[in-house]
Amino acid sequence: MTLDELLKSFDDEGFSNGWLVNSDLTISTTNSANVTSQLEGELFIATPTMVKDPNFLVSSVRGSRVIKQRNSGTSTIVFLTSYNPNTSGQPAYAGFNHIRIENFTQQEVSEIFIYRNLPDDYYSDSQNPNNTRKLIFSNPLKHNLGANPSVFFFETIDPLQFSETIWFKSVGGFQMTISDTYVDTTNQVAGATTSTGMANSQLLTNTSQVTFVYQGNNRYGSSGYVLSTDMYSFGNITIQLNGPTPWVDTYKATGQQNVDNLLRELNWQALNLQLNPTGLVVGSYYVQYFKIDNGEVTTESPQTSQSIVSTSAASSVPPASSSASPSGTSPSVTPQVSTSTVQTTTSSTSTSTVIISMIATLFSFLYV
């Protein structure tokens, strides 16, 4: 089978068919060295476990298409990025690989998870450590403000954009528009008073900001983010949540001690979230931000104290700094922070044994 034949083989839903491999796999070319050196891409080799699962799908993200899951079953989709070096009209820090998810809706009884890198044979188990450490986005979102573990479902998910291959898992129905469109993410605006979304590194990393919809000080609510990093050892990023004066919360993550699923939540509503990397090249970071508006303050004041929740792993995370004052007109109290993390790691790069890079200008996959 030629690469062209593999690239153009799709099922009725637009997912890649792949090619069944029953023995050794040999890749050969008649290209000149000059042509071969210009090729970019990934060749995804699925495992026998994946092949046996009819709901394990692979999509090479080219153009734009709508993906739907109407039933209550489980779906796993690997989204392979398309290499597009044409950045005409885009800022200098624009990525070469693009995945954009927009118009995302899901049934309230459903769950979605987005993971970085590529799956292994444990992909169906959302509690497996191989998956939890790769998790970068989820809805509903589990949070722990005030020592009260809670699960919150967001009806509004802001557009998500990635410059690396990701994989997506759903339990229940959903609909999304997936494309290879690039949109500058240095200034994002939340789509609703209560919403969640994603800010992350896009090849060359620039200072960026998310602006939240804000309806005034006299309201209950909370704000925060879940952070995962895989930065170079010299990389640092400062994340700052800004609320009405004087509420500010600042956290600094370093590549010396990368984190997985670090949750920070404060019991006041932020105006914006700012991400300030130390340079254009710091490595990978993923920030699932959220703001929850619980409505106007009515007859009683909120609780005057909250406790900090953390797992045992959180003690190895660099300490955060917060600044606040008891004065001001916000109904929120002293900005207590709920912080928890699944795992920390000192790794500065991510690798996968099921990916072969620099194969084709487009993407495809094989079954083994």
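Region 51-142 gives an Rg/Rh value of 0.99, both radii derived from C-alpha positions and Rh following Kirkwood.
Taken over region 46-296, the ratio of Cα radius of gyration to 2.2 N^0.38 Å equals 0.99. Estimated at 0.36 nm per residue, the fully extended path between residue 4 and residue 23 surpasses their Cα-Cα distance by 4.7 nm.
Give me the percent of the accessible area of region 46-296 that comes from carbon and sulfur atoms, probe 1.4 Å, all protein chains in place.
In region 46-296, the share of accessible area belonging to carbon and sulfur is 48 percent.
By definition, a body whose alpha carbon gyration tensor gives a ≥ b ≥ c is oblate when a/c is 1.5 or more and a/b is not larger than b/c, and region 163-229 fits this oblate description. Count Lys and Arg as plus one, Asp and Glu as minus one, and take only other residues whose Cβ is under 13 Å from that of residue 136; the net charge is then +1.
A compact globular protein would have a Cα radius of gyration near 2.2 N^0.38 Å; the ratio found for region 1-109 is 1.30. Within the full protein context, the accessible area of residue 19 is estimated at about 100 Å² for a probe radius of 1.4 Å.
What the phi angles of region 47-63 give under the Karplus curve with 6.51, -1.76 and 1.60, with θ = phi - 60°, is a coupling list of 8, x, 4, 5, 4, 6, 8, x, 9, 9, 10, 10, 10, 7, 7, 9, x Hz, glycine and proline written as x.
Simple point charges give the picture: +1 on the Cβ of Lys and Arg, -1 on the Cβ of Asp and Glu, and for region 94-239 a dipole about the Cα centre of about 320 debye. Rolling a 1.4 Å probe across the protein heavy atoms gives region 46-296 an accessible surface of 37 Å² per residue. Calculate the length of the line joining the C-alpha centroid of region 257-293 to that of region 102-134, in whole Å. Here the answer is 20 Å between Cα centres.
The values are calculated or read from the model by the stated rules, or taken from the named source; none is laboratory data. Predicted model only: the values in this text are computed from it and were never measured. A quick note on method: Cβ atoms are made from the backbone with ideal geometry, for glycine too, and the neighbour counts reach across all protein chains shown. Accessible surface areas use protein heavy atoms only, side chains included; no ligands, DNA or RNA. Shrake-Rupley method; radii C 1.70, N 1.55, O 1.52, S 1.80 Å.
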